[in-house]
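Shown next, in structure tokens, is the structure this report addresses.
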Amino acid sequence: MLATVSLAAAVASGCGAGAEPDLERGRALFSANCGSCHALEQAGSSANVGPDLDAAFGASRRDGLGTETIAGVVRAQIENPRPTSLEPSDPRYNAVYMPADLVEGQDLDDVSAYIATVAGSGVKPPPFTAEGYFSQNCGGCHTLQAAGTSGNTGPNLDTELGGQDVEDVVNSIANPSDDIVEGYEDVMPQNYGDDLDPEEIDELAQYILTGETGEAAAGGNSGR
């Protein structure tokens, strides 16, 4: 059954003579580049800026559209997104317009194959772990030594959290626009507070602060 398919399973992508697509890497790239706009159950994303990818491909999959064909459709849409009717001067433009070539090369192969494998398939996301969630969703933008990540779109979490406690970090995750670190733009996805349970947010905050996984710190519950 599709609901039990592992991301480690091989998939024919039809993407040319490049390396075989890495679906786990595709999931991480989706989370970093696409998850703030598109809902995709297996990625744990429920954003609604762009189309729900489970709904978009579910019916076609049930009608017999193959994984290779879906991967080709996804690839074409990433390379040449549907244009928006808004003018670039409209303040809503950047919120709804998907730029062309958001990922390229092997990254494009991996993301396309990942979406084609899981969209509308009923495949569930893996069990939550703070380390895994951070690596998949946060490490592309933030440096954190414990996670082995070196992103620089957002603040370096090894150096910018001095004096903060779990509750402070919980708020930064759930309400990222409340306090923007000087020198950085307000680009962090707004949906983490909706996608994660309060206990998961607490555990993620504790992991960011200490590099350790386990029970959330006492008193750190977000209360949401």
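The values are calculated or read from the model by the stated rules, or taken from the named source; none is laboratory data. What you see is a predicted model; the values in this text were computed from it and never measured. For neighbour counting, all protein chains shown are included, and Cβ atoms are generated from backbone atoms with ideal geometry for every residue, glycine included. The protein model used for the area step is the full one, side chains on, heavy atoms only, and it has no ligands, DNA or RNA in it. Shrake-Rupley method; radii C 1.70, N 1.55, O 1.52, S 1.80 Å.
In table form, for the structure just shown:
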read-out: Pairwise label distance in nanometres, Glu24 with Asn80, each label 7 Å out on the Cα-Cβ vector; value: 3.6
read-out: Enclosed volume per residue, in Å³, of the convex hull spanned by Cα atoms of region 152-203; value: 87
read-out: Relative contact order computed over region 88-177 (Cα-Cα under 8 Å; 6+ residues apart), in percent; value: 12
read-out: Mean Cβ neighbour count within 10 Å, used as a protection proxy, ranking 146-155, 66-75 highest first; value: 66-75, 146-155
read-out: Stretchable slack from Thr210 to Asp179, in nm (0.36 nm times residue separation minus alpha-carbon distance); value: 9.0 nm
read-out: Ser60-Glu167 pseudo-label distance in nm [points 7 Å out on the Cα-to-Cβ vector]; value: 4.8
read-out: Relative packing of 198-209, 164-175, which averages over residues the other C-beta atoms within 10 Å, highest first; value: 198-209, 164-175
read-out: Å² of accessible area per residue within region 37-196, as computed with a 1.4 Å probe and no ligands counted; value: 54
read-out: Ser60 accessible area, 1.4 Å probe, all protein chains in place, Å² to nearest 10; value: 40
